[in-house]
Each structure stands twice: as structure tokens, then as C-alpha cells.
1. I need the full set of residues from segment 88-131 which are in contact (Cβ under 8 Å) with a residue 40 or more places away in the chain, surrounded by 13 or more Cβ atoms within 10 Å (Cβ to Cβ), touching a helix residue (DSSP H, G or I) at 6+ places or on another chain (Cβ under 6 Å) and not in a helix (DSSP H, G or I), in order please.
2. Looking at 70, 56, which one is modelled with pLDDT under 95, surrounded by fewer than 17 Cβ atoms within 10 Å (Cβ to Cβ) and in contact with a helix residue (DSSP H, G or I) (Cβ under 8 Å, 6 or more places away or on another chain)?
3. Residues in segment 17-32: is at least one buried (at least 17 other Cβ atoms within 10 Å of the Cβ), part of a loop (DSSP other than H, G, I, E, B) and out of contact with any strand residue (DSSP E or B) (no Cβ under 8 Å at 6 or more places or on another chain)?
4. Please specify each residue of segment 69-87 satisfying the condition of being touching a residue at least 40 places away in the same chain (Cβ under 8 Å) and closer than 23 Å to residue 167 by Cβ.
5. Could you give me the residue pairs with C-beta distances under 7 Å whose first residue belongs to segment 209-226 and is closer than 13 Å to residue 26 by Cα, whose second residue is at pLDDT 95 or above and not in a strand (DSSP E or B) wherever it lies, and which are 6+ apart or on separate chains?
6. Give me the residue from segment 38-75 that is assigned to a helix (DSSP H, G or I) and more than 16 Å from the chain's Cα centre (by Cα) and, out of that set, farthest from residue 211 (Cα to Cα).
7. Those residues that are farther than 13 Å from residue 37 by Cα, assigned to a loop (DSSP other than H, G, I, E, B) and either in contact with a strand residue (DSSP E or B) (Cβ under 7 Å, 6 or more places away or on another chain) or at pLDDT 95 or above (or both), I need them from segment 169-207; list them, please.
8. If I filter segment 141-156 for residues that are free of Cβ contacts under 8 Å to residues at least 12 places away in the same chain and either assigned to a strand (DSSP E or B) or on the phi > 0 side of the Ramachandran plot (or both), do I get at least one hit?
């Protein structure tokens with residue numbers, strides 16, 4: 001599903017350039033449950049941005065579903081993000097004035113989904129993450145764990161094949177963290193490919209494959225049989 005070959009990312013030029021990734025080779029197959037772990041500055045978030053088509057590599061190649069992303073225009077990359085990838089971020093990225101329902105509907109508006117279909121699918125997604133009774137609540141009326149569930153519902157609503165989660169439990173307490181990880185486990189069991197960027201070893205331990213990054217290099221690729 002995801003293949004990166006000799007992936008390198010350099011920010012800046014000349015004496016002030018920073019090499020965030022150095023020659024990464026990686027294949028992630030459909031249905032895998034992967035964590036990318038490492039300290040700040042290790043390159044894990046840079047890799048996540050490239051896998052999510054939010055950024056492009058300086059050198060190397062990223063192949064998604066047998067298509068090289070290097071040749072895609074900005075518009076084509078936006079279509080890929082909307083249809084194939086669901087994003088979950090540490091800070092939720094919810095619009096404060098909109099209800100949970102409307103926040104989940106947003107990505108479908110960009111995809112051109114008709115109004116009634118948007119509402120039906122948004123309610124279905126919110127029900128799936130256990131928020132059927134919170135569809136009319138705004139973010140200020142929700143707990144941290146509930147906000148992240150809304151974000152996950154939004155990530156699911158276009159039925160993407162891949163979910164990319166960048167520090168999804170970073171702002172949550174222990175109980176909410178367990179709830180969110182349980183939800184990710186369930187989604188992976190249903191066939192979703194899930195990739196979690198984290199610096200927390202407890203979070204990485206729930207995944208079946210753990211990639212460790214340090215100084216722009218992948219220093220470990222561990223598969224765990226559960």
C-alpha cells in the first residue's frame with residue numbers, strides 16, 4: 001500500500017539546511033497497525049507529513065497504491081488526501097463554532113457529497129465512535145477524549161483506506177488514552193491501515209509493528225506477534 005524509496009527531506013539551503021530524513025526505505029502493507037516512535041526532531045512527523053501527502057520529499061520516491069506521488073499536482077494531492085487518507089491530530093483541529101455533526105461533515109463538503117448524505121454519514125461515523133448523543137454539541141461542550149472521537153469520526157467519514165494519527169493521545173488523560181487506543185484497535189481489526197506517530201512507548205506497544213526513528217534515520221523496525 002505504502003512504499004518509500006531512499007526518502008530524504010531537507011529544509012532550507014546551504015549552511016542553514018536541516019536534514020529531517022535521510023534515505024528512508026519502508027513498505028507498509030494494507031491492514032497493518034504501525035507506530036512511528038522517536039524523540040522530538042527524529043523525523044517521525046516529517047515522514048507522517050509526506051505519507052499524508054501534506055509535504056513532498058526532497059529526494060527519493062513515495063508510492064501510494066501503486067502510484068508515485070512525486071508526479072501529482074497540488075490539486076491531485078488534495079484529492080488523494082480527501083479520498084484515501086484520514087487524519088487525526090493531537091490538537092483535534094475542530095472548528096469551535098460548529099457542532100460535532102458539522103465538524104464531521106466538513107471533509108464531505110469538500111468532496112462534493114450531497115447534504116442529506118453528508119448528515120447521514122456524519123451521524124453514522126459519530127455513532128461508531130460512541131458519540132450518538134453528542135452530535136449537537138460544540139467542542140467547548142466536549143471533553144478531550146470526546147473531541148478526539150469527533151476527530152476520528154471526521155477521519156473515517158470518507159471511508160479512507162489509511163488513518164494517520166499524529167500524537168493522537170498527547171493531550172489526553174490516561175482513561176481517555178485507553179478509550180482512543182481501544183477504538184484504533186477496533187478500526188484496525190475491521191481492516192483499516194493505521195499509522196500512529198508518538199513519543200510514548202505505552203502507545204506504541206498497542207501496535208503490531210514499531211518503527212523507531214532517530215536523527216532522521218529509521219534505526220529499528222520491529223514486528224510483534226500478538
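The values are calculated or read from the model by the stated rules, or taken from the named source; none is laboratory data. All of these numbers come straight from a predicted model, not from anything done at the bench. Every residue, glycine as well, gets a Cβ built from its backbone with ideal geometry; the counts of neighbours run over all protein chains shown.
1. 88, 92, 94, 111, 129
2. 56
3. No, because not a single residue in segment 17-32 is buried (at least 17 other Cβ atoms within 10 Å of the Cβ), part of a loop (DSSP other than H, G, I, E, B) and out of contact with any strand residue (DSSP E or B) (no Cβ under 8 Å at 6 or more places or on another chain).
4. Hits for segment 69-87 are 82, 84, 85, 86, 87.
5. Correct list of pairs: 209/32.
6. Taking the candidates together, the pick is 75.
7. 192
8. No, because not a single residue in segment 141-156 is free of Cβ contacts under 8 Å to residues at least 12 places away in the same chain and either assigned to a strand (DSSP E or B) or on the phi > 0 side of the Ramachandran plot (or both).
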